1. Is there a residue being hydroxyl-bearing (Ser, Thr, Tyr), part of a loop (DSSP other than H, G, I, E, B) and more than 23 Å from the chain's Cα centre (by Cα) anywhere in the range 278-301?
2. Check Asn321, Asn275, Asn295 and return the single one that is exposed (fewer than 15 other Cβ atoms within 10 Å of the Cβ) and of a type outside the set (A, V, I, L, M, F, W, C).
3. Run down Ala93, Ala126, Ala100 and say which single residue is free of Cβ contacts under 8 Å to residues at least 40 places away in the same chain, more than 30 Å from Ala194 (Cα to Cα) and of a type in the set (Gly, Ala, Ser).
4. Mind counting the residues in the range 339-391 that are within 14 Å of Ile326 (Cα to Cα), touching a residue at least 24 places away in the same chain (Cβ under 8 Å) and charged (D, E, K, R)?
5. Could you check Val362 against (1) under 23 Å from the mean Cα position of the chain (by Cα); (2) in a strand (DSSP E or B); (3) crowded, with 19+ Cβ neighbours inside 10 Å; (4) of a type outside the set (Phe, Trp, Tyr) and say which number it fails?
6. Quick check on this structure: which one of Arg656, Arg644, Arg629 is in contact with a helix residue (DSSP H, G or I) (Cβ under 7 Å, 6 or more places away or on another chain) and modelled with pLDDT of 85 or more?
7. Taking only pairs six or more apart or across chains, which ones have beta-carbon atoms under 8 Å, a first residue in the range 129-140 that is without any contact (Cβ under 8 Å) to a residue 60 or more places away in the chain, and a second residue that is loosely packed, with under 14 Cβ neighbours inside 10 Å and in a helix (DSSP H, G or I)?
8. Within the range 151-168, work out how many residues are in a strand (DSSP E or B) and of a type in the set (Gly, Ala, Ser).
Amino acid sequence: MTSTFKHLAIGLAVLTLASCASLNIKEGISAYKDYEMDDAITLLEKGLDKKEDAEGRRSLADAYFQTNQYDLAIAQYELLGVSTAATDEDRIAHGKALMASERYEDAENIFSGILSRDPSNEIAQALKSSCKRVNEFKQDSSLYEIAPLIISGVDLAYAPVKYKEGILFTGENAVSGPKDSYTGLAYTDLFYAARSGNNFSAAERLDGVNQKYHDGIACISADGNTMILTRSHYKRKNVLEGNDVEESTTQLYSSTKDEAGNWTAPEELSINDPNFMFAHPSLSADGKTLYFSSNKAGGFGGMDIWKVEQLETGEWGTPMNLGSRINSKGDEVFPSLKSADSLYFSSDAQQTIGGLDILYSVNRNGGWSVPTHLAYPLNTSRDDFGVLFVDGMSGYLSSDRSGIDKVYAFQIFEPSVVMSGVVTKKGSVEPLDNAKITIINKTDGTETVVMSDEVGMFEMPLITGKSYEVKVEKEGYFSTIDQFDTRDIQSNKIIEQNFALLPLSNDENTADGSEEGSGNDKNGSGTDNGNESGSESGSENGSGNGSGNGDNNGNNSNGNQTGINQNKPYEIPNINWDYNKYDIRPDAIPYLNYVVKLLKDNPELRIEISSHCDSRGSDDFNDALSQKRANEVVKYLVAKGVKRSMLISKGYGKRRLLNKCATGVECSEAEHQKNRRTEFLVIQ
């Protein structure tokens, strides 16, 4: 880090006299608070060499960190860490310094120690996770090209935005006159550099908006006539205004072009509050919504990203925090919009390789998605921020990866996305060849068809940023449809998508129980002689005396069914009913949803939903109860989008028992539960 605006404050020093070592420490702390880092380091080194002071050690460690001297910062944090004055905030800063030096394993150990004492520490959680994911962040580096821009006339540059035929950016250079005590360079100003091919002209200060102290980090409206910028807060001309803790904050200002095309003197926005930082503005395409960073009250910690809508009067309304999906306990800064619903920003306490890293989130249906981390080398172990997209796949970003802030050009290449899978027969590993796989790009309606090979495999390239529907079909099998998308894929990826098709006929795999008993269940010993469908016959062990001639042959309850025959019942697994009740139980929902999908994928079917009771109670009571159960299942399926015309409901009471538990027979609750079931019958 090298820029005052990244730290977002200009301190006002207050000196206090004391002993020599104490004086050096106090002066060093004061210089540190005043962002005079070179002076702070010199004074604190002298004082701490003779006297230990936790605040002084903490200030020295951070001064080294802020000036990119990470090894020296780590050494100071280690000394601070052995003292009783060390806090978890110090340890997090220590871990961040280790990450900046790419010592991720050591940093992870620091964060693990914090979490062992305080598992709720959100920053430690996020940074530990980031340390574990570093290799993941770097695995697709070939998808990006990045190179520094060569712009003469400035020694430091960042936060570019589109302007005229080039870019407007924040810069500093080594000139005579007032200096930024933090960098030793001139205070930041807004500069313009025109683009010609791949080159840029020498930087020129923008007339009309730059004053004595810091001016920079601006955005321009789509029509080019309005600018919102960040600048030092003035009490009066060339005099900084201090807040309640004697800091001069940055605030947001607005400038417009006059009739001659010149920028007018900037005016403060009504949302400002000198007690808090306001910075990093970004306007929506229509100019009606302003995004910005602030540590104002009501945030989640540190700098947060906010938005504010412009009223019909032209004034700005009440700022709204973007919420916990975007903001963390750390700093979220430099918001920018790639499109109306894509927000890019930087964070130091979410997913990061180190320092500030660039993330993006998409607003879908009024809510922001979980932020996605941009991979290396767009992000590095140093600060990366202020991204600008020129088009969908290229643009500029700011980074201090070289030791000072520079603007870099980047190019993103489309990742390779392939869907690969195997089509098998449901309930087995038998591959299905010549299955037809149709993939429909729902974005533009185009269709692509491939066929599974002799071992059931298929493969198909996809395009990122799309929504897809895939349908798998084969003669003699129920078809299946699935949905997926590639909208959030930012790296090379193979999508493994396997499909298991249910046979329309299962003659080859009729009931395992049919060899030793002709009932629906091997455990059956019903006495109905099979006149309904054979479901009451068969014995407990598959060798009973039941003589049923029904045609169900055990398709339903032995757990081995792999297909559906027309006019034969198919038990919906785990659709069990509580005694004397017809409420659908929560444990039944996943299985009913499976039926929903099966019916939606095969809309030509017509089925009967049949429900059953155990033997307890009268015939009339059980007939009514089982009908209510069947009706509830139909109601659920229809509510989930199944056509009502596909469904018939029928209750069979206690006439189709699966086991010995007839009226008057003593049975366990588990045995009675077996009879309280629901099936569906394909009738067309």
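The values are calculated or read from the model by the stated rules, or taken from the named source; none is laboratory data. Nothing here was measured: the structure is a model prediction, and the numbers come from that model. Reconstructed Cβ throughout: ideal geometry from the backbone, glycine too, with neighbour counts over all protein chains shown. When the accessible area is computed, the model is the full protein with side chains, heavy atoms only, and any ligands, DNA or RNA have been set aside. Shrake-Rupley method; radii C 1.70, N 1.55, O 1.52, S 1.80 Å.
1. First, pick out the residues of the range 278-301 that are hydroxyl-bearing (Ser, Thr, Tyr): 282, 284, 289, 291, 293-294.
From what is left, the residues that are part of a loop (DSSP other than H, G, I, E, B) are 284.
From the residues that got through so far, the ones that are more than 23 Å from the chain's Cα centre (by Cα) too are none.
No; the residues of the range 278-301 include none that is hydroxyl-bearing (Ser, Thr, Tyr), part of a loop (DSSP other than H, G, I, E, B) and more than 23 Å from the chain's Cα centre (by Cα).
2. Details: Asn321 fails: exposed (fewer than 15 other Cβ atoms within 10 Å of the Cβ); Asn295 fails: exposed (fewer than 15 other Cβ atoms within 10 Å of the Cβ).
The conditions single out Asn275.
3. Numbers: Ala126 fails: free of Cβ contacts under 8 Å to residues at least 40 places away in the same chain; Ala100 fails: free of Cβ contacts under 8 Å to residues at least 40 places away in the same chain.
None of the other options fit; the residue is Ala93.
4. 2
5. Only one criterion in (1) under 23 Å from the mean Cα position of the chain (by Cα); (2) in a strand (DSSP E or B); (3) crowded, with 19+ Cβ neighbours inside 10 Å; (4) of a type outside the set (Phe, Trp, Tyr) is unmet by Val362, namely (3).
6. On the way: Arg656 fails: in contact with a helix residue (DSSP H, G or I) (Cβ under 7 Å, 6 or more places away or on another chain); Arg629 fails: in contact with a helix residue (DSSP H, G or I) (Cβ under 7 Å, 6 or more places away or on another chain).
Matching residue, one of Arg656, Arg644, Arg629: Arg644.
7. Close Cβ pairs (under 8 Å, with a partner that is loosely packed, with under 14 Cβ neighbours inside 10 Å and in a helix (DSSP H, G or I)) amount to Cys131/Glu105.
8. We begin by selecting, within the range 151-168, every residue in a strand (DSSP E or B); these are 156-163, 166-168.
From what is left, the residues that are of a type in the set (Gly, Ala, Ser) are 157, 159, 166.
So the answer is 3.
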